[in-house]
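Participant: I'd like to ask you about the structure that follows.
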Amino acid sequence: MIYPIVKYGNPVLETPSQTVTVFDHELKKLIDDMFESMYAAHGVGLAAPQIGIGRRIAVIDVTFKEDPNAKLVLINPEIVRTEGKHTQSEGCLSIPDFRENVSRPNKVTVRAQDVDGKVFEKTGEELLARALLHETDHLNGKLYISHLSALKRDLMKRKIKKLMKAGEW
Ligand code: NI
């Protein structure tokens, strides 16, 4: 099932998500649906609040279907190590048609649980590091625009408000 993507302005995106405690068939189905929804929206990462579900679940595929082994499921993720710094253009499916340069650590280790509840650690660099941080931020109710200068963020918010008023958001 493909879920519609929730857009900026919906409070679910700015609310910390709930810890997952039950690892059952329903969770596996939701994860399958999240991958399907992410690919349908042409994204490389998706967090559950982006489909209106406030639970600490994210999916990532920075290769966008190229490498089946690159599919990554993060349940209850926490960033445990960061290193270096890298600035790159970043966007979000919940803030369509906007992109901004964001500085983030270049190498990141996340600790999370898999679909069966098993704890693992994963280290990523560059795009994967960015995705690990971006999606974990989502589960903490934080959007990438919170990493921008107040000036840039306010400008973007004003543009979005205009689109909302025009019924184009
Ligand atoms: Ni996002």
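The values are calculated or read from the model by the stated rules, or taken from the named source; none is laboratory data. As the structure is a prediction and not an experimental result, all values here were calculated from the model. Don't worry about glycine lacking a Cβ; one is built from the backbone with ideal geometry, like all the others, and counts go over all protein chains shown.
Participant: Somewhere in region 24-37, is a residue within 14 Å of the ligand (Cβ to nearest atom) and without any contact (Cβ under 8 Å) to a residue 24 or more places away in the chain?
Facilitator: Within region 24-37, none of the residues are within 14 Å of the ligand (Cβ to nearest atom) and without any contact (Cβ under 8 Å) to a residue 24 or more places away in the chain.
Participant: May I pose another question? How many residues does region 38-51 contain that are surrounded by fewer than 16 Cβ atoms within 10 Å (Cβ to Cβ) and away from the ligand (no atom under 14 Å from the Cβ)?
Facilitator: Residues in region 38-51 being surrounded by fewer than 16 Cβ atoms within 10 Å (Cβ to Cβ) and away from the ligand (no atom under 14 Å from the Cβ): 1 in total.
Participant: Does residue 132 meet the test of being under 15 Å from residue 83 (Cα atoms) and either β-branched (Val, Ile, Thr) or more than 14 Å from the ligand (Cβ to nearest atom) (or both)?
Facilitator: Judged against the criteria, residue 132 is not a match.
Participant: Kindly list the number of the only condition in (1) aliphatic (A, V, I, L, M); (2) in a loop (DSSP other than H, G, I, E, B); (3) within 16 Å of the ligand (Cβ to nearest atom) that fails for residue 59.
Facilitator: Of everything listed in (1) aliphatic (A, V, I, L, M); (2) in a loop (DSSP other than H, G, I, E, B); (3) within 16 Å of the ligand (Cβ to nearest atom), residue 59 misses just condition (2).
Participant: Considering (1) surrounded by 15 or more Cβ atoms within 10 Å (Cβ to Cβ); (2) more than 15 Å from the ligand (Cβ to nearest atom); (3) closer than 16 Å to residue 75 by Cβ; (4) small (Gly, Ala, Ser), say which one residue 117 fails and leave the rest.
Facilitator: All conditions pass for residue 117, except number (1).
Participant: Anything in region 1-41 that is among the acidic types (Asp, Glu) and at positive phi? List them, or say none.
Facilitator: none
Participant: Give the residue, chosen from 142, 159, that is surrounded by fewer than 18 Cβ atoms within 10 Å (Cβ to Cβ), under 18 Å from residue 10 (Cβ atoms), within 16 Å of the ligand (Cβ to nearest atom) and at pLDDT 95 or above.
Facilitator: Only one candidate qualifies: 142.
Participant: Can you tell me which residues in region 145-155 are closer than 17 Å to residue 93 by Cβ and either more than 16 Å from the ligand (Cβ to nearest atom) or touching a helix residue (DSSP H, G or I) at 6+ places or on another chain (Cβ under 6 Å) (or both)?
Facilitator: If the condition is that a residue be closer than 17 Å to residue 93 by Cβ and either more than 16 Å from the ligand (Cβ to nearest atom) or touching a helix residue (DSSP H, G or I) at 6+ places or on another chain (Cβ under 6 Å) (or both), then 145 is the only one that fits.
Participant: Can I ask one more? Identify all residues within region 122-143 that are assigned to a helix (DSSP H, G or I), touching a strand residue (DSSP E or B) at 6+ places or on another chain (Cβ under 7 Å) and of a type outside the set (S, T, N, Q); write none if there are none.
Facilitator: Once the filter is applied, which keeps residues that are assigned to a helix (DSSP H, G or I), touching a strand residue (DSSP E or B) at 6+ places or on another chain (Cβ under 7 Å) and of a type outside the set (S, T, N, Q), region 122-143 yields 126, 129, 130, 131, 132, 133, 134, 135, 138, 139.
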